[in-house]
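The structure appears right after this line, and notes come after that.
Any read-out appearing in this document is the output of simple, stated calculations on the displayed coordinates, not a laboratory observation. Just so we're clear, the structure is a prediction, and the values are computed from it rather than from any experiment. Here Cβ is always computed from backbone atoms with ideal geometry, including for glycine, and neighbour counts include all displayed protein chains.
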Amino acid sequence: MESEHGWKFTQCFGDKADLEDVTEADIISTVEFDHTGDYLATGDKGGRVVLFERSDNKQGCEYKFYTEFQSHEPEFDYLKSLEIEEKINRIKWLRPNNNALYMLTTNDKTIKLWKVCEKTLKQVTENNLLDGDRAPPADIANLRLPKLMSCENIVAAIPRKIYANAHTYHINSISVNSDGETYLSADDLRINLWNLGINNQSFNIVDIKPANMEDLTEVITAAEFHPASCNYFMYSSSKGTVKLCDMREAALCDQHAKQFEEVEDPASKNFFSEIISSVSDVRFSADGRYVLSRDYLTLRLWDINMEREPVRTINVHDYLKPKLCDLYENDCIFDKFECNISGDGKQAMTGSYNNYFSIYNLADEGGDVMLQADKNAFRAKRVQGPNGSKSKVGIPRNGRGGLRKEDVDPESIDYNRKILHSSWHPKENTLAVAATNNLFIFTD
């Protein structure tokens, strides 16, 4: 597009309707690349999972629609008189096996293991009666053997296991272990460990529920297994802490091995401090050495060998600090932004409002890029930059500059358009970014 180097918009999937016309069920609620990056999955609030497959062509690589299936349906808990939404909270890929793809999907209460594979449909093309068009054979010599003919190939999604009734509260995270046999699921107060082959039994490994619910001071917000060591996992809390646990130490990991927390200056505390310090997402780097955490205003990079302070603290949208009262009034202050770290561990990405998202160079503080995932940004309209060069809105002309955080006007931001969900390709600099009901692909 504009340059050979730098981040460029390459694809957009989804209906191009205006925000007001978007159906609630079509809003994307999770995005996930598989381990190879050849497949990309999205889940939406309507309980559907859509898969995209990578295809290489002369113009480079692009993703094309592969299949779609209904993962979850709305349910009703008659015991608690509670509606259970079909919304897909998380998708996690398992390693492919026997030419089939496997993935875990979850809504608030039920986790499902899906097998996705290509099947050949066969049709009976020859039999004795030809569906009533032919008289029965007069004698045994005229009997015909039925013939099966392959007619078409389809992609089928088959639920192999359903893991239900293990969570009292809403599931916010699932994470597959590096051993390939177990996975964890986390809700507000507990984390359970499952064996993929056993769907009627799980082990509780973290329980922070107090004896008296009136004493409740924090909830679990996210959890993830270490990418290489199968005994380590971490979870984040609404108190702004990230705790690393070792399953070798005890069956119930209520005592953490390490705790990462940046203590706030008591002098700067205010009414919103506790809300904005809640960690919304945590990710390990691919080598397991670093932890990336996101709260409402900041992104923090931690070295797991250094609990004292983060290696780097990034202010994502500090221009919103004066607007916290308004954000509290419209409930935006409770938005849960995800974060991502690149496969090589050198860059991090997270979203903001107005469909802005930022890519940060973790080694060099000067190499940050701010972009906009917005279908309006890719029309013919061009704007003149401060140096006189013209570029499409949201796409940096030189691939490096992008939008400037200093130029963002908090008064003109549309808080209904936000980048909450995204995924980073495991082997290259390709990003999948969900913006309401659209999926954008950006590449470097």
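At a glance:
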item	result
Selection from Phe13, Asn212, Asn172, by position along the positive dipole direction of the chain (Cβ)	Phe13
Percent of beta bridges antiparallel (DSSP, the stretch 134-219, rounded to nearest 5)	100 percent
For the stretch 39-80, diffusion coefficient by Stokes-Einstein and Kirkwood Rh (Cα), 25 °C, 0.890 mPa s, µm²/s	198 µm²/s
For the chain, built as a Gaussian network whose Cα springs stay under 10 Å, the top-fluctuating residue of Leu301, Leu324, Leu420	Leu324
Spin-label model distance (nm) - Ala257 vs Asn153, 7 Å beyond Cα toward Cβ	4.4 nm
Gaussian network model of the chain, Cα within-10 Å springs - most flexible of Asp344, Asp368, Asp139	Asp139
Radius, Kirkwood style, for the stretch 264-305 when every pair of distinct Cα atoms is counted (Å)	11.5 Å
Lys, Arg +1 and Asp, Glu -1 on Cβ, resulting dipole of the chain about Cα centre, debye, nearest 20	1300 debye
Mean residue ellipticity (222 nm) of the chain, computed from DSSP H runs ≥ 4 via -39,500 (n - 2.57), nearest 500	-500 deg cm²/dmol
Simple spin-label estimate for Ser412 and Asp265 in nanometres, 7 Å along Cα-Cβ	3.2 nm
Reference-scaled alpha-carbon Rg (2.2 N^0.38 Å with N residues) for the stretch 137-202	2.17
Asn438 long-range amide H proximity, modeled H, under 5 Å	Ile28
Isotropically averaged projected area of the stretch 47-130, using the convex hull of Cα atoms (one quarter of hull area), nm²	10.8 nm²
Length-normalised contact order for the chain - Cα pairs under 8 Å, 6+ apart - percent	14 percent
Dipole-positive endmost among Ile304, Asn270, His35 within the chain (Cβ charges, Cα centre)	His35
Dimensionless Rg ratio for the stretch 237-280, taking C-alpha atoms and the 2.2 N^0.38 Å reference	1.45
For the stretch 59-190, convex hull of alpha carbons as volume per residue, Å³	246 Å³
Fraction of the pair-distance distribution of the stretch 1-100 above 21 Å, Cα-Cα pairs, percent	49 percent
Cys residues of the chain counted as unpaired, since no other Cys beta-carbon is under 4.7 Å	Cys12, Cys61, Cys117, Cys151, Cys230, Cys325, Cys332, Cys339
Geometric extent, Cα atoms of the stretch 228-332 - Rg, Dmax (angstrom)	15.2, 46
Relative contact order for the stretch 159-201, counting Cα pairs under 8 Å that sit 6 or more residues apart, in percent	35 percent
Volume per residue that the Cα convex hull of the chain spans, once the total is divided by residue count, Å³	213 Å³
